[in-house]
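J.: Dropping the structure in here first, questions after.
Computed from the coordinates by the stated procedures, all read-outs in this text should not be read as laboratory data. From a predicted model like this one, the values you see are computed outputs, not experimental measurements. Here the Cβ positions follow ideal geometry from the backbone for every residue, glycine too, while neighbour counts run over all protein chains shown.
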Amino acid sequence: MATAQTLRQKERRRHLWIYAGLTPFVFIAVFPIYWMLITAFKQDPDLYRMDNIPFWFNLAPTLRHFKILFFQTNYGAWIVNTMTIAAWVALITLVTAVPAGYALARLRLPAAENIGISVFMTYLVPPIILFLPLSRVVAMLGLQDEWWALVVVYPTFTIPFGTWLLMGFFKTVPMEMEEAARVDGCGYLGAFLRVVLPVSVPGVLTAVIFAFTLSMQDFLYGLAFVAPGDQKPVPVGVPTELIRGDVYYWGSLMGAALLVGLPVAVLYNFFLDRFIQGITGGVGK
Amino acid sequence: MTDLQQAKPSPSTFNRRKFLATAGAGVAGSSLLTMLDAKQAPAQIKGTTLRILQWSHFIPAYDTWFDSKLTKEWGDQNGVKVRVDHIPHLELPARMAAEYAAGAGHDIIMNGSSILTRLYYKSLADLTDVYDAAGKKHGGWIPTAKALVEAEGRYYGIPLFYILLPMTYRKDLFDANGLKAPDTWELARVAARTLKPKGHPTGIQFSQCADANLNWRSVLFSFGGAELDPSGENILIDSKETREALKFAKALYDEGMTAEVFSWDDASDNRYLASGIACWVHDAISAYRTTEDTNPDVFKNTFIGMEPAGPNGKRVNTCAANVWMVWKFSKNQQAAKEFLTHMVDTFSEGMTSSRGYNMPYLNGLAKKPMPVIGTDPKLQILQDFPPIVAFYGYPGPFITPIQEVVNLFVLPDMFTRVARGQSVEDVMKWGMGEYRRIFAKHKRA
């Protein structure tokens, strides 16, 4: 009895230490979200007065910033544009990077390793260098000032990253599984679709999430290729209409960031285990 | 002069191509003048589309007026469909580069902060006819306007308005402490020195932002300093006046500011004033308007003063310029020119919509009382600013190397280095080195 109690106490103490150690990290991670949340609901005078306690409401909360966001800007259209662009880019990345990653990892192609590294290197070329030549491509395709331009452009960085990520993941799938499938009568494609792909879901999912979030983060390409207010994605639309010269609409800015950022954070959370599995899939190979 | 495209040597003889170009320009010019005189657009622009790219104005109501009234009414009147797109003003150069590379994009493009007329002029439409006609109609341009848009004797942009950065101060704090209004930089320094210990310091950005570029130039030029000579060929930064301005900035920081100014951005001084802390700021009237909208108690004691004078009584206010240009690749240059003319003619309406932000480059439009600021007792003083307005490069032109100096924040960095404790002579050496390096690079190009 006494031993069980001691064990429970030990366990409790251990948890206490663990949570005490985690607390600063949680605070650092959560504080910006908390700050966004209260700023989005604060009245402007509450934001600007230095004699107020900044961490809580000193005046009654307000929905005014969200009214500005939804009724005086194209925020609704920006969200739809962003999600649609991200979905298209994720799809294009998936359709391209999965076979590319598989081919480079499994088909024993000559110089596959170097090709893989080269593909990844293209991901490292900064957009500030690429946006000028790409603007010619976009103009030639007649896509200037339409969000479709971004569906064409974003895969230039999501495909190399996805390919490289999936290469690492496909290498972790035991060769024997694929060989067994081929012994059972599958061709390359059949073995890939029936055996390799199902066990690679965490890697594929990670590539999709990355493609999705990388598309949502871009600013420069969106700025360079899409100017009409109703065609912009969130990262370009928000600063355009909510930062006017040196006047910042802090409440609406924070509200805009919160509404886009929170669902993505929740989405990440749902797939966290698979995401970690996908990210670490190629480690050690 | 350096450009993206190198100039080709022109033939000395008057050949067929030159004849056609001259004749074409003559016909276009005379038709524009006829059109302006008739106040009606020619039939050939009917049914066309005009695309305009500009910033998001400080005042949302100005954009509403511009997008929904000005362009719509003009478009309906002339049978032109007008589309206006907005992007943040600091991002306009990136978008301009993309459109230049693509050879396609908007017909009219605005520049604010970074005025790139001289960088792109070979790819821009010649707007000399519009510029001259507007000057003739509205009493001439202020002297400093020309340098923003002129290249090789022609005009490639229309300066529509500029934004002042006046002295904005807390009269209640000044009165309570027996301080004189900050009519000189020395009085401003005394006020900051007196009020900082009482919890009311001042602040000017010692950082890399647009306001720092503008404010420290106002100090420098008011102290008698200069950036370029009128030819644009000679750098004039290395002077006794610059050294005096740097020493003044160091004293102002030590006595009247706190270290947060090293991390300030363009909006920080707005917040400083609106929060009730600052005793004065030197900023666009956005600071005044932000205070009006967020802190009525502070606002009722917030006043705007004349640009502070330097030691010899000189006053120079370095302003944020705005210029509109037309791409040469635009297929609708005629409509673009007609619209720019209309923009100039409706300036006063625009100034009202902007709540007094937009200041005119044209003398005839700067007559008292000006819209909004002419009827507001606290803002009336702004009407006296046009004669002391300057832009980057003052008293020289706003040429491409100066634009790079501005973009690299060389001058604010000089002031920051001194405020952080480097010796004035070391900073002068570094600053002159940067100016010379940038100018030499452009000369080589």
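J.: Measuring from centroid to centroid over Cα atoms, what is the spacing of region B:417-445 and region B:292-313 in Å?
T.: Spelled out, the Cα-based centre of one part sits 33 Å from the other.
J.: Further question on the same structure: Helix B:424-444: angle to the longest alpha-carbon principal axis of chain B, degrees 0 to 90, nearest 10?
T.: Rounded to the nearest ten degrees, it is 10.
J.: Pull out a ≥ b ≥ c, the square roots of the eigenvalues of the alpha-carbon gyration tensor of region A:1-102, then state rounded if a/c is under 1.5, prolate if not and a/b is larger than b/c, and oblate in the remaining case. Present the calculation step by step, with values, prior to reporting the outcome.
T.: On the way: a/c = 3.75, a/b = 1.19, b/c = 3.15.
Taking the square roots of the gyration eigenvalues as a ≥ b ≥ c, region A:1-102 is oblate.
J.: How big is the gap, in Å, between the Cα center of region A:181-242 and the Cα center of region B:339-413?
T.: 47 Å
J.: Considering the options B:Phe58, A:Gly21, B:Ala335, tell which one lies farthest towards the positive end of the dipole of the protein assembly as shown, charges being +1 on Lys and Arg and -1 on Asp and Glu at the Cβ, about the Cα centre.
T.: A:Gly21
J.: Separate question: For every other residue with a beta carbon closer than 11 angstrom to the beta carbon of B:Pro395, add +1 if it is Lys or Arg and -1 if Asp or Glu, then tell me the sum. The partial results should precede the final answer.
T.: Working: positive: none; negative: B:Glu227, B:Asp229.
Every neighbour counted, the sum reads -2.
J.: Under 16 Å from the Cα of B:Lys300, which aspartates and glutamates turn up, not counting those fewer than eight places away in the same chain?
T.: Output for B:Lys300: B:Asp172, B:Asp175, B:Glu292, B:Asp376.
J.: So, one more: Average partner chain C-beta neighbours within 10 Å, per residue of B:101-114? Intermediate results must be reported in sequence, preceding the final value.
T.: Working: counts 9, 12, 4, 8, 7, 3, 0, 0, 0, 0, 0, 1, 1, 0.
Mean shielding by partner chains, rounded to a whole number: 3.
J.: Calculated from DSSP H runs of 4 or more alone, at -39500 (n - 2.57) each and per residue, what is the 222 nm mean residue ellipticity of chain A, nearest 500? Could the numbers behind the result be given before it?
T.: On the way: 15 runs with 210 residues, N = 285.
Computed mean residue ellipticity for chain A: -24000 deg cm²/dmol.
J.: Translational diffusion coefficient, Stokes-Einstein: compute it for region B:211-281 using the Kirkwood radius over C-alpha pairs as Rh, at 4 °C and 1.567 mPa s, and state it as an integer in µm² s⁻¹. Before the final figure, lay out each step's value.
T.: Values: Rh = 13.7 Å.
The diffusion coefficient I find is 94 µm²/s.
J.: Compute the acute angle (0 to 90°) between the alpha-carbon long axis of helix B:410-419 and the principal axis of greatest extent of the alpha-carbon atoms of chain B; round to the nearest 10°.
T.: Compared with the principal axis, the helix lies near 0 degrees.
J.: Still on this structure, I have one more. Take peptides A:25-38, B:115-128, B:190-203 and line them up by average Cβ neighbours within 10 Å, highest first, as a rough protection proxy. Each step should come with its number before you reach the end.
T.: On the way: A:25-38: 12.5, B:115-128: 22.4, B:190-203: 19.4.
Put in order of decreasing packing, that is B:115-128, B:190-203, A:25-38.
J.: I would also like to ask the following. If the cut-off is 17 Å between C-alpha atoms, which lysines fall inside it for B:Lys368, apart from same-chain ones fewer than 8 positions away?
T.: Within the straight-line cut-off, B:Lys368 pairs with B:Lys378.
J.: Per-residue Cβ counts within 10 Å, from other chains only, averaged over B:87-96: what number is that?
T.: Whole-number average of other-chain Cβ neighbours for B:87-96 is 5.
J.: I've got another one for you. From zero outward in steps of 10 Å, how is the percent of C-alpha pairs of chain A spread across the bins?
T.: Distribution as computed: 6, 21, 24, 22, 16, 8, 3, 0 percent.
J.: Based only on the alpha carbon positions, what is the Kirkwood hydrodynamic radius of region A:14-62, in angstrom? The partial results should precede the final answer.
T.: Values: mean 1/r = 0.0801 Å⁻¹.
Averaging 1/r across every pair of different Cα atoms and inverting gives 12.5 Å.
J.: Right, another one. Expressed as a whole number of Å, what is the distance separating the alpha-carbon centroids of region B:138-193 and region A:114-135?
T.: Value for the Cα centre distance between the two parts: 45 Å.
J.: Where the Cα atoms of chain B are projected onto their three principal axes, how long is each span, largest first, in whole Å?
T.: Extents along the principal axes, in whole Å: 72, 48, 35.
J.: Explain nothing, just the number: relative contact order of region B:181-305, from Cα pairs under 8 Å at least 6 residues apart, as a whole percent.
T.: Relative CO of region B:181-305 lands at 32 percent.
J.: Are there any trypsin sites (Lys or Arg not before Pro) in region B:413-445 that are in a DSSP loop and have at most 16 other Cβ atoms within 10 Å? List them by number.
T.: Taking region B:413-445 and a limit of 16 other Cβ atoms within 10 Å, the loop trypsin sites (Lys or Arg not before Pro) found are B:Arg420.
J.: What does the net charge come to around B:Met370 if you take all other residues with beta carbon closer than 13 Å to its beta carbon, with K and R at +1 and D and E at -1? Each step should come with its number before you reach the end.
T.: Values: positive: B:Arg355, B:Lys367, B:Lys368; negative: B:Glu349, B:Asp376, B:Asp384.
Its environment carries a net charge of 0.
J.: Classify the protein assembly as shown: rounded, prolate or oblate, from the alpha-carbon gyration tensor (a ≥ b ≥ c, eigenvalue square roots; a/c under 1.5 rounded; otherwise prolate if a/b is larger than b/c)?
T.: Details: a/c = 1.94, a/b = 1.32, b/c = 1.48.
Oblate, because a/c is 1.5 or more while a/b does not exceed b/c.
J.: While we're looking at this one, here's another question. What's the magnitude of the charge dipole for chain A around its Cα centre, counting Lys and Arg as +1 and Asp and Glu as -1 at the beta-carbon? Answer in Debye, nearest 20.
T.: Working: 19 positive and 16 negative charges, 172 e Å.
Taking the Cα centre of chain A as origin, the dipole is about 820 debye.
J.: Can you tell me the 0 to 90 degree angle between the C-alpha axis of helix B:185-195 and the longest principal axis of chain B, rounded to 10?
T.: For B:185-195 against chain B, the angle is about 50 degrees.
J.: How well do other chains shield peptide A:227-238, expressed as the mean number of their Cβ atoms within 10 Å of each residue Cβ?
T.: 3
J.: Based on DSSP, what percent of beta bridges with both residues in the protein assembly as shown are antiparallel, to the nearest 5? Please list the in-between numbers first.
T.: Values: 26 of 37 bridges.
For the protein assembly as shown, the DSSP antiparallel bridge percentage is about 70.
J.: Give the lysines whose C-alpha is closer than 19 Å to that of B:Lys240, dropping any in the same chain fewer than 8 places away, or say none.
T.: B:Lys250, B:Lys314, B:Lys429
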